[in-house]
């Protein structure tokens, strides 16, 4: 982890424990929250984020799916694709996550990033259908980092894809789901172990979230 996550006096190590529990609940084969936090912070540094903004982003990255753990739905960790009604139900996790982040005394900035990490650049995301610059830059960065990490790690319902495939997905959906500037900044990253995929020599797969 970058020093920003350990140097802040108010950093709470319990957040790392919460993140690890979320990862286990969601069925990630490797630490997901910490990986998202590292990549999001690396992107944020390219945009010259102030230290307090990086810290809020780090908090949100670790806790971004806390709402899913609170909902505790069986389908979240099931080894199958979600039904449409389950997808609709799952969309509640961002608002529940915002509320839960407040209960854990995360900053208001971090709470809002948890709420908005599924907003899309074109306005098709949730929960508030924000678009473009309406979405805080940190939330747009978190969307890119979370998606890359999710695609390149195994879940109960699908295998990991390669880093190259995941980057191709981000490029193809830039300007639709993702902020093109955030994608461009992500693609400039190098020498970061979190960029390595857990793909295990499988054939390319169709991407679906």
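Every read-out reported here was derived from the displayed coordinates using simple, explicitly stated rules and does not represent laboratory data. No experiment lies behind these values; they were computed from the predicted model shown. Here the Cβ positions follow ideal geometry from the backbone for every residue, glycine too, while neighbour counts run over all protein chains shown.
With neighbour counts taken as other beta-carbon atoms within 10 Å, the residues 19, 51 rank, fewest first, as 51, 19. Site pair residue 188 and residue 176 shows an inter-label distance of 2.5 nm when each label is modelled 7 Å from Cα along Cα→Cβ. Please list, by residue number, everything in the stretch 178-196 whose backbone N is under 20 Å from a paramagnetic label point 7 Å out along Cα→Cβ of residue 53. From the stretch 178-196, the list is 178-189. Among 28, 126, a tally of other beta-carbon atoms within 10 Å of each Cβ gives an order, fewest to most, of 126, 28. Calculated mean residue ellipticity at 222 nm for the chain: -15500 deg cm²/dmol, from DSSP H runs with n ≥ 4 weighted as -39500 (n - 2.57), summed, divided by the residue count and rounded to 500.
Taking every alpha-carbon pair under 8 Å whose residues sit at least 6 apart, the chain reaches a relative contact order of 21 percent.
Counting beta carbons within 10 Å around each of 148, 47 and listing the fewest first gives the order 47, 148. Along the Cα→Cβ direction, 7 angstrom out, place labels at residue 30 and residue 124. What is the inter-label distance in nm? Here the modelled spin labels are 2.9 nm apart. Shape class of the chain from the alpha-carbon gyration tensor: rounded, with the ratio a/c of largest to smallest axis under 1.5. Please find, in a Gaussian network model of the chain (springs between Cα atoms separated by less than 10 Å), the residue of 97, 125, 33 whose mean-square fluctuation is greatest. Between 97, 125, 33, it is 125 that shows the largest mean-square fluctuation.
Between residue 79 and residue 99, what length comes free when the chain is fully extended (0.36 nm per residue of separation minus the Cα-Cα distance, one decimal in nm)?
Fully extending the segment from residue 79 to residue 99 adds 4.4 nm.
The distance from the alpha carbon centre of the stretch 160-194 to that of the stretch 70-120 is 23 Å, rounded to a whole number.
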